[in-house]
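Undergrad: One structure coming up, written as structure tokens, with questions to follow.
The values are calculated or read from the model by the stated rules, or taken from the named source; none is laboratory data. Small disclaimer: the values here were computed from a predicted structure and weren't measured. Reconstructed Cβ throughout: ideal geometry from the backbone, glycine too, with neighbour counts over all protein chains shown. All accessible areas refer to the heavy atoms of the entire protein, side chains included, with ligands and DNA or RNA removed. Shrake-Rupley method; radii C 1.70, N 1.55, O 1.52, S 1.80 Å.
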Amino acid sequence: MAENEASKLRLEIAHVLFLDVVGYSKLSIDVQSKTVSELTHIVRACEIVGETEAAGQLIRFPTGDGMALVFFTSPEAPVRCAIEIARASHEHPQLRLRMGVNSGPVDRISDVNERSNVAGAGINMAQRVMDCGDAGHILLSKRVADDLNQYTKWQPHLQELGDVEVKHGVRIGIVNFVDGEVGNSALPEKIRRLRRLETVSARRRTVTWSLGALAVVCAIGAAFWIQARRVAPAAATALEKSIAVLPFENLSEEKENAFFAEGIQDDVLTSLAKISDLKVISRTSVSQYRGGGAARNLREIAQALSVENVLEGSVRRVGNRVLVNVQLIDARHDRHLWAERYDRTLADSIGLQGELATEIASALRATLAPEEKLRLETKATKNPQAYELYLKANERNRIASTKEDGIAADQLYAQAMALDPTFALAIARGSMMNSRMYDVGRDPSRKARAQALAAEALRVAPALGEAHLARGLCFSRLDNNYEAALKELSIAAASSPNNTEILDFTGGIYRRQGRWREALANFQRAQALDPLNPYADAQERDIAGIYTSLRDWPAAVAAFEHQRQIAPKNDPRDVEAQLNLAYASPPPS
């Protein structure tokens, strides 16, 4: 019987938001009813709730004085939902909420009314986390916080509170979420009370058991020693998973095939950028090392780009065959990690970048999520002629400085699409090209074409990150619909966390909206991935301007001083930096 019951369990990882109304039991019956109704209305109006429920990836159910929302998508979903609910509750000051978030195993069940419900440790622990908070608190389990901490945009908002003992003597790590607009920065009263009791207990033990206390001190010292030994490899591991893909050398006899070598390098870089466990330097920063050949000093390059590993390669194309040589080097320690030679037909070379990215990730001990592995294994097209036209279009797009360059790139994308109407990547890039042309020249035909191509890219490949990026740029550049743009950019960022283009556009929208800290997080992440950007002084100016808006004068001064260091001398940008520095600097004492 027990075996039969166990076999019916279908445990899966869920991401749970548990919330309740503080002081609910003290309210009169009619006020309780009104409060629950207001809370239900707020939750139903949440954008993330509507999206996830429509996709069949959400279960929500009442809990008496609150409710639980169980997301089967990502750890970000319940946190985004908590933020939406907290913002909306500002209009209902009588609605004093506390919230807890946890990720863990649950089992989908049906309740007595045959409605969907869940049970399991994942939801029980979410309630324990919530129980630690006061009104206004958004508390996360350490497990959820560790997942969010992988992304720069969340890091500034996570305040670690340490381990707390909850029901049945279980100890869990608690992290407080505060972003200035939502959350409660005060230490929860329950945790404060537990800390006080722990302190009193510790003092008693110190007085009564001095020898025991000495043993505890020794144990703590040993723990710190062990932890110190653990921390160093962890930091090294993060550095070990950083990489710069240098421009590939064109060894073809026909020098006009240089676009093909650059295209292969760019595709490999783009594929690696989709792996969240890697730090991948952007194409802008590595492009200056084009043509270095044997003269490249890899250790200096690695230091300049703040990475440990460098990928070098060469491409030789003869007729219908493509020969690619690559080597992965630990540049800081001057040792080869991996090398490979690929001899393919043009058609077989189309999926090469995914193979390379997978091999490199393995060599760097990077973890590939299932969806990342699937993205790397997916070929953009099976038509070699369409692929070649796509690479030519990308090359023309990169160097585009005139309207004619843009038109030529657009025509090449169109030719690739004509050969393969399902080539979603070419369709999406064509949309981005046209939205940029509209942004510059305000040609209505470009606007219509950009929108049509973005819609077609999403129709052909709904999960393609570049398709969502194209649509997001349409919302931003063409319609000034920034909330819709942020939604699409968020989806694109999830599939390509190292894409500085997405980070810059997202940061720009947040800055326009006055959401300074979100803008700052995106700009700083982009800066770390693109350290040698030729417009680095403009990046630093944006960051300094945000610090000024936040009235963080020391940080603003440091940023303006750095802008002065990298801006061209006797240039208007240098003069602008001097004026801003004078404004932000404190008066002389």
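Undergrad: Using a simple spin-label model with points 7 Å from Cα along the Cα→Cβ vector, what separation in nm is obtained for Arg512 and Glu359?
TA: Here the answer is 4.3 nm between the modelled labels.
Undergrad: Now for a separate question. Using a 1.4 Å probe, what is the accessible area per residue for the range 389-442, in Å²?
TA: For the range 389-442, the solvent-accessible area averages 43 Å² per residue.
Undergrad: All other residues with a Cβ under 12 Å from the Cβ of Ile399 taken together, and with Lys, Arg as +1 and Asp, Glu as -1, what is their net charge?
TA: In short, -1.
Undergrad: Report the relative contact order of the range 395-455, percent, no decimals, based on alpha-carbon pairs under 8 angstrom and at least 6 residues apart.
TA: It rounds to 27 percent for the range 395-455.
Undergrad: Right, here's the next one. Defining a contact as two alpha carbons under 8 Å apart and six or more residues distant in sequence, what relative contact order in percent does the range 451-580 show?
TA: Here the relative contact order equals 14 percent.
Undergrad: According to the square roots a ≥ b ≥ c of the eigenvalues of the Cα gyration tensor, what is the shape class of the range 40-184, taking rounded for a/c under 1.5, prolate for a/b larger than b/c otherwise, and oblate for the remainder?
TA: Judged from the Cα gyration tensor, the range 40-184 comes out rounded (a/c under 1.5).
Undergrad: With only alpha-carbon pairs counted, each pair once and no self-pairs, how large is the Kirkwood hydrodynamic radius of the range 296-453 in angstroms?
TA: Final number for the Kirkwood radius of the range 296-453 is 17.9 Å.
Undergrad: Work through the residues other than His90 whose Cβ is under 14 Å from its Cβ and net out their charges, Lys, Arg +1 and Asp, Glu -1.
TA: Result for the local shell: -3.
Undergrad: With unit charges on the beta carbons (Lys and Arg positive, Asp and Glu negative) and the dipole taken about the Cα centre of the chain, which residue among Ile243, Ala428, Tyr583 sits farthest to the positive side?
TA: Selected residue: Tyr583.
Undergrad: So how much accessible area does Asp552 have, in Å² to the nearest 10, using a 1.4 Å probe?
TA: 60
Undergrad: How do Arg332, Arg365 rank by accessible surface area computed with a 1.4 Å probe, from largest to smallest?
TA: So the residues, ranked largest to smallest area, are Arg365, Arg332.
Undergrad: Shifting gears a bit: For the range 463-556, with every protein chain kept in place, what is the accessible area per residue (1.4 Å probe, Å²)?
TA: 38
Undergrad: Counting only protein heavy atoms and using a 1.4 Å probe, what share of the accessible area of the range 18-145 belongs to carbon plus sulfur, as a whole percent?
TA: 50
Undergrad: Starting from the Kirkwood radius over alpha-carbon pairs of the chain, derive D by Stokes-Einstein at 25 °C in a medium of 0.890 mPa s and give it in µm² s⁻¹.
TA: Reported coefficient: 90 µm²/s.
Undergrad: To continue, here is another question. What is the local net charge at Arg511, summed over the other residues whose Cβ is closer than 13 Å to its Cβ (Lys, Arg +1; Asp, Glu -1)?
TA: +1
Undergrad: Output the 0 to 90 degree angle, nearest 10, between the alpha-carbon long axis of helix 352-363 and the longest principal axis computed from the alpha carbons of the chain.
TA: Between the helix axis and the principal axis of the chain, the angle is about 50 degrees.
Undergrad: Moving on to the next point. Give me the percent of DSSP beta bridges within the chain that run antiparallel, rounded to the nearest 5.
TA: 85
Undergrad: Measure off, as a whole percent, the carbon and sulfur share of the 1.4 Å-probe accessible area of the range 487-573, all protein chains present.
TA: Answer for the range 487-573 is 50 percent, counting heavy atoms of protein chains only.
Undergrad: For the range 258-318, what is the accessible area per residue in Å², given a 1.4 Å probe and the full set of protein chains?
TA: 34
Undergrad: Which whole-number percentage describes the relative contact order of the chain, with Cα contacts under 8 Å and a sequence gap of 6 or more?
TA: It comes to 8 percent, rounded to a whole number.
Undergrad: For the range 244-358, which whole percent of the accessible surface, found with a 1.4 angstrom probe, sits on carbon and sulfur atoms?
TA: Taking all protein chains in place, the range 244-358 shows 43 percent carbon and sulfur surface.
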